[in-house]
Amino acid sequence: MRICLMSYRCYRYSGGQGIYVRYLSRSLHNLGHEVDVISGPPYPELDDGVKLIKLPSLDLYSLPQTQRFFISPRELNSLPNIVEWLGVCCGFFTEPSTFGMRAYSFLQNNNRYKKYDVIHDNQSLSYGILKIKGLGTPVVTTIHHPIPIDRDLAIKAAKSLWQRMGIRRWYAFANMQLKVAKRLSHFITGSQNSYRQIIEIFKLPKDSLEVIYDGVDSSVFTQSSDVRRLENRLLVINSGDTPLKGLKFLLEAVAALRSERKIDLVIVGKQMKNGYTQGLIEGLGIADCVTHMGQVDTAELVRQYSMATMVVVPSVYEGFGLPAAEAMSCNTPVISTTAGALPEIVGDAGILIPPANTRALVAAIANLLDNQDNRRHLGEMGCRRVRQMFNWENTAKHTIDVYREAVECQSALRAQ
């Protein structure tokens, strides 16, 4: 098949979306399909054989905050650029919307859309996607999880009316996604939990949505032989400096545990200067036992998984939970909350605790630190589970099935 995979941003540090696009495009190509990826900045690194089509934007979020508002009038030379700039000035997140505008313009120009058998939208769900659908090429959309959940959790954690107003502005694009989804017909999501919540929140027909688990590259995410496990070392992957990731509860647990034992916490992921996480660490007085690694490449991430005594996933919501699966693939025991899809990913191969529960987290960490045999047992079980359940080749094969169904439905409509 000739496949166009579109994502408003899919750089490897853009979270799960970037990982999804890179590995899905690779696996589709390896199965013999022709794959083009259309992406806004920051652009992804893709495998040879997968063509990257860049859709430039103002990319204002790559600039320091004080420089985002002051751009040359010459750059406001198109509707997407104007919408992007005004959105940033007013506190709206407009990337999904403006990407859809640019993608439609690109595909419509010179009938480029006719090159493809199917167009796969990676959760932009913008009005531009509806216009692309109107061109006649079948459209499939991945919804990793419902964005309104992120919004509601952020509002709940906000400390002031002003913050709540800002959060509502930022997440205004979620209303667009709810409206657009109702006019599309073929969807993919990565877990049964996300399936149930998408059906409930988006009000979609149950048969329009297919559950296809994401994969883990077990040839890469495997226990590293050039490092050793360290004692009392906790690792957390915090890809978003937000309350959604539940880091507050892990930091509180570390503060409680350090009075009884030596403990080190390593945080991998970009942290905002003077942001939410930094404020928590300073407030709890645990800066001396917390190490920020920042963003790391895949090789270093595997090393960190392999050195950790355990990986903790304290999220209050996850649509899938790639860090849990990656850690398990590296033979590293996992403590995870039962939030979102995490019980589906971890299963009985890790320790599951209620979300937002510091006391339960303290007990689980202490028990696992004191039981080396259980750590080894959970590591082995987790590794087997990932290899059996989460494979990118299987993800790609099932995705092709959805593509073919979308193509058949489109052909049937044309025949009427």
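The values are calculated or read from the model by the stated rules, or taken from the named source; none is laboratory data. This one's a predicted model, so the numbers in the text were calculated from it and none came from an experiment. Cβ atoms come from the backbone with ideal geometry, glycine included; neighbour counts cover every protein chain shown.
Tabulated values for the structure
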{"quantity": "Residue in segment 144-154 that is within 18 Å of THR399 (Cα to Cα), crowded, with 20+ Cβ neighbours inside 10 Å, within 21 Å of the chain's Cα centre (by Cα) and not assigned by TED's automatic domain parsing to the domain that holds THR242 present", "calculated": "yes"}
{"quantity": "Scan of segment 107-138 for residues that are under 30 Å from LEU244 (Cα atoms), outside any helix (DSSP H, G or I) and out of contact with any Leu (no Cβ under 6 Å at 6 or more places or on another chain), ordered by number", "calculated": "ASP121, ASN122, GLN123, SER124, LEU125, SER126"}
{"quantity": "For TYR11: the one exception among (1) touching a residue at least 60 places away in the same chain (Cβ under 8 Å); (2) within 27 Å of TYR213 (Cα to Cα); (3) touching a Gly at 6+ places or on another chain (Cβ under 7 Å)", "calculated": "(1)"}
{"quantity": "Within segment 187-230, tally of residues that are assigned to a loop (DSSP other than H, G, I, E, B), crowded, with 18+ Cβ neighbours inside 10 Å and not hydroxyl-bearing (Ser, Thr, Tyr)", "calculated": "8"}
{"quantity": "Residue, nearest to ARG164 (Cα to Cα), within segment 99-125, restricted to residues that are polar (S, T, N, Q) and over 20 Å from the mean Cα position of the chain (by Cα)", "calculated": "SER105"}
{"quantity": "Whichever residue in segment 236-290 is in a helix (DSSP H, G or I) and of a type in the set (Asp, Glu) and, among such residues, is modelled with the highest pLDDT", "calculated": "GLU252"}
{"quantity": "Residue check for ALA339: closer than 22 Å to GLY215 by Cα and surrounded by fewer than 24 Cβ atoms within 10 Å (Cβ to Cβ)", "calculated": "yes"}
{"quantity": "Strands (runs of 3 or more DSSP E) within segment 1-94 that include 2 or more residues surrounded by 16 or more Cβ atoms within 10 Å (Cβ to Cβ), in contact with a strand residue (DSSP E or B) (Cβ under 6 Å, 6 or more places away or on another chain) and among the β-branched types (Val, Ile, Thr)", "calculated": "34-39"}
{"quantity": "Single match in ARG233, ARG164, ARG229, ARG169 (criterion: free of Cβ contacts under 8 Å to residues at least 12 places away in the same chain and farther than 30 Å from SER25 by Cα)", "calculated": "ARG164"}
